[in-house]
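Enquirer: Supplied in structure tokens, the structure appears directly below.
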Amino acid sequence: ENKFPSENPTKNGTHTHGQICVYAATTMTLMFRSHLFTVVVFGPYARLIQWDRRGSIVTRRFNYTGGKKKDTQQSLILFKFYQRFAQLTNEQRGLDPNVTRLDSDKDPRVAKAKKQF
């Protein structure tokens, strides 16, 4: 029995899991984020993942097409996620409010850094 149902213990499943982790870590590093939401789609199924510096929270897989029985609840999960996500502030979406863009024309630190590189 798999104690971690979000993981596929096959070689391809392990590789895909590693790829998803690398993409999330790269995004968090390059974009100065406190957390990140991702949607992983595989065939008719999807999972939502929230990442932060400590790890991730993964939903159970759901059939976003509704499946053969056209389960309306499952088919609306993705829609409801995006609907709620669209209402979040930038900070709630994970953008770090402590990071600001330096104005290269006005900030002497920018000129100093350019000279060093």
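Enquirer: Between Arg53 and Ala113, what FRET efficiency follows from the Cβ-Cβ distance if R0 is 35 Å, with the result rounded to 0.05?
Expert: With a Förster radius of 35 Å, E is 0.85.
Enquirer: Largest first, what is the accessible-area ranking of Arg84, Arg101 with a 1.4 Å probe?
Expert: Arg101, Arg84
Enquirer: Leaving out ligands and nucleic acids, note down the accessible area per residue over the chain with a 1.4 angstrom probe, in whole Å².
Expert: Dividing the accessible area of the chain by its residue count gives 82 Å².
Enquirer: Need the full-extension length gain, Phe81 to Val39, defined as separation in residues times 0.36 nm minus the C-alpha distance. One decimal, nm.
Expert: Computed gain between Phe81 and Val39 is 14.2 nm.
Enquirer: Using alpha carbons only, how many angstrom separate the centre of segment 10-64 from the centre of segment 75-97?
Expert: Taking the Cα centre of each part, segment 10-64 and segment 75-97 sit 15 Å apart.
Enquirer: Divide by every residue of the chain the summed helix terms, -39500 (n - 2.57) for each DSSP H run of at least 4, and state the resulting mean residue ellipticity at 222 nm, rounded to the nearest 500 deg cm²/dmol.
Expert: -12000 deg cm²/dmol
Enquirer: I would also like to ask the following. Convert each backbone phi in segment 51-57 into a coupling constant with the Karplus relation 6.51 cos²θ - 1.76 cosθ + 1.60 (shift: θ = phi - 60°), then list the ³J(HN,Hα) values in order as whole Hz, x for Gly and Pro.
Expert: With coefficients 6.51, -1.76 and 1.60, one gets 10, 9, 5, 9, x, 9, 10 Hz.
Enquirer: State, as an integer percentage, the relative contact order of the chain based on alpha-carbon contacts under 8 Å between residues 6 or more apart.
Expert: Normalised by residue count, the contact order of the chain is 18 percent.
Enquirer: Leaving out ligands, DNA and RNA but keeping every protein chain, what accessible area does His17 have, in Å² rounded to the nearest 10, with a 1.4 Å probe?
Expert: Here the accessible area works out near 80 Å².
Enquirer: Using a simple charge model, +1 on the beta-carbon of Lys and Arg, -1 on the beta-carbon of Asp and Glu, nothing else, what dipole does the chain show about its Cα centre, in debye to the nearest 20?
Expert: In total the dipole reaches around 120 debye.
Enquirer: Pop out the carbon and sulfur fraction of the accessible area of the chain as a percent, whole number, probe 1.4 Å.
Expert: 55
Enquirer: Tell me the accessible surface of Phe79 in square angstrom (1.4 angstrom probe, heavy atoms of protein chains only), to the nearest ten.
Expert: 120
Enquirer: State which helices in the chain qualify, where a helix is a whole DSSP H run, it must extend 18 Å or more along its own axis by its Cα atoms, and its mean Kyte-Doolittle hydropathy must be at least 1.0.
Expert: none
The values are calculated or read from the model by the stated rules, or taken from the named source; none is laboratory data. On a predicted model such as this, the values are computed, not experimentally measured, just so you know. Please note: Cβ atoms are built from the backbone with ideal geometry, for glycine as well, and neighbour counts cover all protein chains shown. With ligands, DNA and RNA removed, areas are computed over all heavy atoms of the protein, side chains included. Shrake-Rupley method; radii C 1.70, N 1.55, O 1.52, S 1.80 Å.
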